[in-house]
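Where a number appears in this text, it was derived from the coordinates with a stated rule and is not lab data. Keep in mind the model is a prediction, meaning the values are calculated, not measured. Counting neighbours? That spans all protein chains shown, and the Cβs are built from the backbone with ideal geometry, glycine included.
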Amino acid sequence: MTDDDIRGPDKMHTTMTESDKGDQGTGDPADVVLAKSQAQMAEIASRHGTNPQEGKEVVLGLRDVAVAYSGTPAVRGVNMDIHKTLVTAFIGPSGCGKTTLLRSLNRMNDLIPGAVVDGTIHYHGHDLNASGVDAVEVRRRIGMVFQRPNPFPKSIYDNVAFGLRLHGMKDNLDDRVEKALRQSGLWDEVHNRLKASGLSLSGGQQQRLCIARALAIEPDVVLMDEPASALDPIATQRIEDLVAELKNDYTIVIVTHNMQQAARVADMTAFFSVDVNESGSRCGVLVEHAPTVDLFTRPKDERTEAYVTGRFG
Ligand SMILES: Nc1ncnc2c1ncn2[C@@H]1O[C@H](COP(=O)(O)OP(=O)(O)OP(=O)(O)O)[C@@H](O)[C@H]1O
Ligand SMILES: [Mg+2]
């Protein structure tokens, strides 16, 4: 893997000047870099197939979902289905509501004062926000991994066992902890120091510990918000490899700023943008949700095309 693969579109943006932002194919070196990178992404994305969602059960169905903070809309009008055992990537410029929408998928927005979620989100056909639905149980089934590794100041073992104890899953605790650490690819590195602090691990190991913590309680869906953005290239690759393995058993939604990463890991990709109205108010919108290969090679919307070809950040 090259450095360019890791840095993806950010690298492309830094190679562009104002005059590059016109038509492609002028022979300008920046255009050549873009075209090459674009072709590479398309090739990688094509490995996920042209119709990955076909025949797959819908795990999360979003209808007219909107989220506002203290009355200010952050994202609105989101309609999409998220399918079982696929990886779905959320991409789009900063502030378009990726994290906000992700947090609404497991009721994490409940914890943010002033956040209001409208529309409906069905999880296996059940309204996630219906009265009587227990948000703690929702979060047991739909786990989350955050942008920055956030182990608790506890031992490696206790980090993984934390959710198990919380949810009363105390039978075979040792076996469950080992299984989760094996699933997250960390067991070989930590099995002889399970009593050491989780904070003594490297950044990449800490993130895999957080993934183990999320997996231990046997979720159905794992939400990941830029899980590799704070990691070096090797640790990033380990996370990507892990995502590829985990999708055999889990439904994964991953936010990424790195389009190369979306092309590598995601079967489906959703592109979000920011609408600015006449009064200058900004709000995130879902522009296009499609098999990753289609989104990168034949986007239907010109905003998607501008973003994936690196003409808009
Ligand atoms: N806790 C919050 N309180 C108030 N406004 C918020 C809060 N979190 C996000 N917002 C606002 O909601 C909008 C969407 O933010 P969000 O963090 O979801 O974007 P994002 O696409 O994840 O951006 P980034 O790529 O930078 O992480 C932004 O205008 C942001 O300022
Ligand atoms: Mg975010």
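Net charge near Pro151: determine it from the other residues with C-beta under 15 Å of the C-beta of Pro151, scoring Lys and Arg +1 and Asp and Glu -1.
Neighbourhood net charge equals +4.
In a shell of Cβ-Cβ distance under 15 Å around Glu189, excluding Glu189 itself, what net charge do Lys and Arg (+1) and Asp and Glu (-1) give?
Net charge around Glu189: +2.
Which value, in Å³ per residue, describes the convex hull spanned by the Cα atoms of the stretch 126-273?
Residue-normalised Cα hull volume stands at 128 Å³.
Do any trypsin sites (Lys or Arg not before Pro) in the stretch 29-87 lie in a DSSP loop with no more than 13 other beta carbon atoms within 10 Å, and if so, which? Could the numbers behind the result be given before it?
Numbers: sites: Lys36, Arg47, Lys56, Arg63, Arg76, Lys84; in loops: Arg47, Lys56, Lys84.
In loop regions of the stretch 29-87 (DSSP not H, G, I, E or B), the sparsely surrounded trypsin sites (Lys or Arg not before Pro) are Arg47.
What length, rounded to one decimal in nm, is gained on full extension from Asp175 through to Ala39, with 0.36 nm per residue of separation minus their alpha-carbon distance?
Between Asp175 and Ala39, full extension yields an extra 44.5 nm.
For the stretch 178-265, which trypsin sites (Lys or Arg not before Pro) are both in a DSSP coil and crowded by at most 15 other Cβ atoms within 10 Å?
Arg193, Lys195
Helix-derived [θ] at 222 nm for the chain: sum -39500 (n - 2.57) over DSSP H runs of at least 4, divide by residue count, nearest 500?
-11000 deg cm²/dmol
For the stretch 265-273, take each phi angle, set θ = phi - 60°, evaluate the Karplus expression 6.51 cos²θ - 1.76 cosθ + 1.60, and give the result in whole Hz per residue in order, putting x for glycine and proline.
9, 9, 7, 10, 9, 10, 9, 10, 9
Averaging over all projection directions, find the projected area of the Cα convex hull of the chain and quote it in nm² with one decimal place. Show your work: numbers first, answer last.
Details: hull surface 68.6 nm².
Average of the hull's projected areas for the chain equals 17.1 nm².
Taking just the alpha-carbon atoms of the stretch 210-313, what radius of gyration and Dmax come out, in angstrom?
15.5, 48
Taking 2.2 N^0.38 Å as the expected size of a compact globular protein, what ratio does the Cα radius of gyration of the stretch 48-151 give against it, to two decimals?
1.10
Run through the DSSP bridge list for the chain and note the antiparallel percent, rounded to the nearest 5. Let's see the in-between values first.
Working: 28 of 47 bridges.
In the chain, approximately 60 percent of DSSP beta bridges are antiparallel ones.
Quick one: net charge of Ile142's neighbours, Cβ under 9 Å, K/R +1, D/E -1?
Working: positive: Arg107, Arg139, Arg140, Arg141; negative: Asp220.
For residues surrounding Ile142, the net value is +3.
Considering only DSSP beta bridges with both partners in the stretch 214-296, what is the antiparallel share in %, to the nearest 5? Let's see the in-between values first.
On the way: 9 of 14 bridges.
Close to 65 percent.
Expressed as a whole percent, how much of the Cα-Cα distance distribution for the stretch 256-313 exceeds 13 Å?
61 percent
Can you work out the base-10 log of I(q)/I(0) for the stretch 108-163 at q = 0.13, 0.18 1/Å, using the Debye formula on its C-alpha atoms alone?
Per q value, in the given order, log10 I(q)/I(0) is -0.47, -0.81.
How large, in Å, is the stretch 26-86 by the Kirkwood hydrodynamic radius built from its alpha-carbon pairs? Each step should come with its number before you reach the end.
Details: mean 1/r = 0.0657 Å⁻¹.
The answer is 15.2 Å.
Applying 1/(1 + (r/R0)^6) with R0 = 41 Å to the Cβ-Cβ distance of Val32 and Asn277, what FRET efficiency is obtained, to the nearest 0.05?
It comes to 0.65.
If the viscosity is 1.002 mPa s and the temperature 20 °C, what Stokes-Einstein diffusion coefficient in µm²/s follows for the stretch 164-216 when Rh is the Kirkwood radius over Cα pairs? Before the final figure, lay out the partial values.
Details: Rh = 11.2 Å.
Roughly 191 µm²/s, to the nearest whole number.
Excluding residues on the same chain fewer than 8 positions from Lys56, give the lysines whose Cα lies under 30 Å from its Cα.
Lys84, Lys98, Lys179, Lys247, Lys300
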